[in-house]
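J.: This is the structure I have questions about; it appears just below.
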Amino acid sequence: MHVDMCTSMVKSRFLSNPHDLGVVAVGFSGGQGKAGVDDGPVALIESGLISQLSQDLGYKIHGDEEVQVHSYSDIVPAEDPPIRNMKNPRSVSAVTAKIADQVYSHAREGRMVLTLGGDHSIAIGTIAGTAKAIRERMGREIAVIWVDAHADINTPETSGSGNIHGMPVAFVTGLAKEERPECFGWLKEDNLLSIRKLVYIGLRDVDAAEKRILRENGIKAFSMFDIDRHGIGRVVEMALGHIGNDTPIHLSFDVDALDPMWAPSTGTPVRGGLTIREGDYICEALHETGNLVAVDLVEVNPRLAADTPLGPTETVRAGSSIVRCALELICRIALLTPYMNTLAIAGFSSMMQSTLSTIVVGVMTSKLSGRTFDLDSDVLRYDTKDVNLSIPLSVIRQRPITRSDFEDYEPETAQARLTIPLPTTLFEG
Ligand SMILES: [Mn+2]
């Protein structure tokens, strides 16, 4: 029987320096009205996020002067009256133009780019920067997976509030246009995202006008209803199917996509959202494609829900988890150690079917040691001539499998050993 010893890390398909991480920390709140979202990056960094990315995940961090948080106060005009119903138009335009430059300067070096917000208006800059760099480097369009309770696709004319954090998708797709250079006129063709390459996940609070925009433009959107119906695994699969396998992915994650139970400290919380596991899963699955080139995490506002003792702490924790899952080098192939030697698995089939919702194929009479397992999305598969088995990872995995779970890790060959303590009750009988 062929036993493959290789433990392979996810290979990046579109980054020339996938272990280099450009970090842009945006202390900006001008795309909406609530103070405090400009404190988001500091809270995330003070919680240890960047040092985890560097020490635990092994990224080489690039950011001007050790990832300073930008307030952009030097480029925000003193007077900024509305244009076409937009609040703070010149400020948001100037800041997002600057962010586009920052993101572009990392992305053109073939680095992964992480942007910490800030309100979601900043995605005008992050997507503009990624789109331009990937066009230059690869001659390709990017796709954007926008994870959010809201569609953020109002035009200045359809927006009820005039807050630009509800409009970024309209600007980066060209649905909203403005010639004035001081009001997003700096957005050129090569900064834009094709509407065919946009997918939403997690929507549950969409304005009537936005629904019309989504429908009329045939935009792919998976709401919480779709997630309830199909499950998060299938939804991510369908989202990836829509954008295609040969497309670099920019993930723009609004922390309000998560249920307020997990992320209460955000400007526009909406109940009935993603669990933290569903949010983490989206990020892990996107990372696993090897196509991810940029990640935004936005709308963490540590000044909100501050009356609940754990509100800000939990929100920062959830946000950090989202980022780590998107950037973590999760292994798809694992080798079980001799720990499993004596666990015969006869009789396993009926047991599994009675206690789990899925999945066992074939007759199992072998032992489980020293074999290669394919950690394919959320199922552990093991197929040989006389044994075929699949175990949902939720049974054996309480958290993402990370590099630190591996013994004898060899960076050169990307080989390692992983011990997964399967519950012994699975093997009785
Ligand atoms: Mn948003």
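J.: If packing is taken as the average count of other Cβ atoms within 10 Å, what order do 167-175, 299-307 fall into, highest mean first?
T.: The most tightly packed comes first, giving 167-175, 299-307.
J.: Could I ask something else about it? Which three lengths, in whole Å and largest first, does the range 60-127 cover when its Cα atoms are put on their principal axes?
T.: 41, 21, 17
J.: Additional query: Taking Cα centroids, how far is the range 184-229 from the range 275-323 in Å?
T.: Using only Cα atoms to place each centre, the spacing works out to 20 Å.
J.: Which entries in K34/K211; K34/K60; K177/K211; K34/K87 show an alpha-carbon gap greater than 23 Å?
T.: K34/K211; K34/K60
J.: Of the beta bridges DSSP finds with both residues in the range 17-327, what % are antiparallel, to the nearest 5?
T.: 5 percent
J.: Here's another thing I want to ask about it. Less than 10 Å Cβ to Cβ from G125, Lys/Arg counted +1 and Asp/Glu -1: what total charge do the surrounding residues give?
T.: Neighbour charge sum, excluding G125 itself: -1.
J.: Same structure again: Any chance you could get the radius of gyration and Dmax over the Cα atoms of the range 17-327, in Å?
T.: Spelled out, the Cα radius of gyration and Dmax of the range 17-327 are 17.4, 49 Å.
J.: Applying a 10 Å radius around every beta-carbon, put 77-90, 21-34 in order of their mean neighbour count, most first.
T.: In descending order of packing, they fall as 21-34, 77-90.
J.: Using the Cβ atoms and a cut-off under 12 Å, what net charge is assigned to the surroundings of F184, where Lys and Arg are +1 and Asp and Glu are -1?
T.: Residues close to F184 contribute a combined charge of +2.
J.: Same structure again: Quick one: net charge of L21's neighbours, Cβ under 9 Å, K/R +1, D/E -1?
T.: +1
Coordinate-derived values only; no laboratory data. Computed from a predicted structure; not experimentally measured. Note that each Cβ is placed from the backbone with ideal geometry, even for glycine, and that neighbours are counted across all protein chains shown.
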